[in-house]
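Report on the structure given below.
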Amino acid sequence: MSNLSLVLWAVIPPLLFLWFYYRRTPAAPPLLNLLVLFIIGAISGFLALGLESVMETIANRVLDWQQIQRHFSGIVFRQILAIAPIEEGCKFLAVILPLCYLQRHYHLRATTVFLFTIAVALGFTAEESWIYLSHGTSSILERSIGTPVHGMFSAPWGYALAISISVRGRFNQNRNLIFTAWLNSVFSHALVNVLSISRGFTQPLCLSLLLWMFWRLEQLLGKLQGKDPLLLISGYTSSARTRQKGLVLIILVLGGNALFGLLILARKLSPLGWKLWLEPTIFWFIFQEILFNFGLGFLAWLIYRYLRSLARRRHFFK
């Protein structure tokens with residue numbers, strides 16, 4: 001694949017997501033501003049890569065770093081204390097530095113600040129995707145599926161920044177809130193990385209966690225836009241709420257397994273030419289896998305609709 005093709009596959013999916021959120025945000029900032037933040041996000045990705053390289057070099061000199069990373073505890077240690085803080089820190093700086101300049105000249109809306117966070121995170125994703133694709137360590141499908149992940153990681157501190165900067169004079173007062181939200185993002189980032197590296201049942205669990213994080217991103221954006229939250233847990237008694245929480249967990253498990261099944265199917269089919277897909281045995285296998293995984297997803301959707309209908313009914317009869 002040519003270098004230009006790699007760049008396009010790395011850049012186009014994040015730009016499509018940026019356009020998706022830009023169109024959904026009332027009174028959105030100029031698109032050119034978002035593209036500038038997108039580029040700054042990509043630059044922050046290269047900065048993070050450099051800092052991680054420096055950290056690895058120093059760790060190899062001080063510790064037996066390669067040996068440590070062969071153990072699961074070493075992987076967790078590296079993600080929590082190195083990779084996640086560096087990447088979330090670089091994205092945070094890529095957002096806060098332009099905001100410090102813009103805040104002097106404009107009164108920024110909360111949705112604008114949050115959209116800036118998403119733009120930087122998607123730019124970071126584009127840089128990361130280009131690195132993975134150019135080294136052949138990930139497929140186009142996997143990188144496309146993971147396009148919104150960095151935005152989902154950064155959503156907590158992006159929301160904290162949004163509610164702090166949008167009201168003049170509250171930034172200094174809310175430093176603890178911003179720092180706590182940033183730590184939340186670091187933990188979420190590290191947890192997803194650890195689960196994705198691990199084998200077995202943890203990979204479907206990782207996709208279930210990502211589904212919840214996407215839900216969280218949407219809920220935070222809705223709050224900033226003044227929308228009513230999409231409630232799933234609406235029971236009046238503790239037992240009813242516990243049952244509904246169990247159903248939410250089932251939704252996430254079913255959805256995560258459905259996505260994981262389709263991802264595994266794509267990995268199996270990618271080495272084969274499309275003509276082989278039409279052979280009876282392979283075609284029947286593809287049909288069964290798609291039907292099964294879409295069935296899991298449909299069942300998760302039915303449970304979701306059931307919980308939403310309960311919440312609407314109780315809200316109506318209040």
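A few points about this structure:
Listed here are the residues, each with its yes/no results for (1) in contact (Cβ under 8 Å) with a residue 24 or more places away in the chain; (2) aliphatic (A, V, I, L, M).
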site: Leu18; (1), (2): yes, yes
site: Thr25; (1), (2): yes, no
site: Phe38; (1), (2): yes, no
site: Leu49; (1), (2): yes, yes
site: Val54; (1), (2): no, yes
site: Phe72; (1), (2): yes, no
site: Pro85; (1), (2): yes, no
site: Leu102; (1), (2): no, yes
site: Thr112; (1), (2): yes, no
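- Residue match in the stretch 16-36 (condition: touching a helix residue (DSSP H, G or I) at 6+ places or on another chain (Cβ under 7 Å), within 19 Å of Ser134 (Cβ to Cβ) and surrounded by 11 or more Cβ atoms within 10 Å (Cβ to Cβ)): no
- Test set (1) open to solvent by less than 90 Å² (accessible area, probe 1.4 Å); (2) within 27 Å of Ser138 (Cβ to Cβ) - Trp277 fails condition number: (1)
- Every condition in (1) closer than 21 Å to Glu218 by Cα; (2) more than 19 Å from the chain's Cα centre (by Cα) holds for Phe20 except the one numbered (2).
- Of the residues making up the stretch 264-295, those that are out of contact with any Leu (no Cβ under 8 Å at 6 or more places or on another chain), of a type outside the set (A, V, I, L, M), farther than 20 Å from Leu207 by Cα and part of a helix (DSSP H, G or I) number 9.
- Meets criteria (small (Gly, Ala, Ser) and either modelled with pLDDT under 90 or open to solvent by 40 Å² or more (accessible area, probe 1.4 Å) (or both)) for Ala190: no
- Qualifying residue in the stretch 205-227 (condition: open to solvent by less than 60 Å² (accessible area, probe 1.4 Å) and assigned to a loop (DSSP other than H, G, I, E, B)): yes
- Among (1) touching a residue at least 12 places away in the same chain (Cβ under 8 Å); (2) surrounded by fewer than 14 Cβ atoms within 10 Å (Cβ to Cβ); (3) closer than 30 Å to Thr137 by Cα, the one test that Lys268 misses: (1)
- Candidates Leu310, Leu259 - the one that is in contact with a Ser or Thr (Cβ under 6 Å, 6 or more places away or on another chain), assigned to a helix (DSSP H, G or I) and in contact (Cβ under 8 Å) with a residue 24 or more places away in the chain: Leu310
- Selection from the stretch 229-258 of residues that are of a type outside the set (S, T, N, Q) and within 15 Å of Leu299 (Cβ to Cβ): Gly246, Leu247, Val248, Leu249, Ile250, Ile251, Leu252, Val253, Leu254, Gly255, Gly256, Ala258
- Qualifying residue in the stretch 133-154 (condition: over 30 Å from Gly261 (Cα atoms), open to solvent by 10 Å² or more (accessible area, probe 1.4 Å) and among the charged types (D, E, K, R)): no
The values are calculated or read from the model by the stated rules, or taken from the named source; none is laboratory data. Everything numeric in this text was worked out from a predicted model, so none of it was measured. With ideal geometry, Cβ positions are generated from the backbone for all residues, glycine too; neighbour counts draw on all protein chains shown. Ligands, DNA and RNA are stripped out before the accessible areas are found, and what is left, the full protein with its side chains, is counted by its heavy atoms. Shrake-Rupley method; radii C 1.70, N 1.55, O 1.52, S 1.80 Å.
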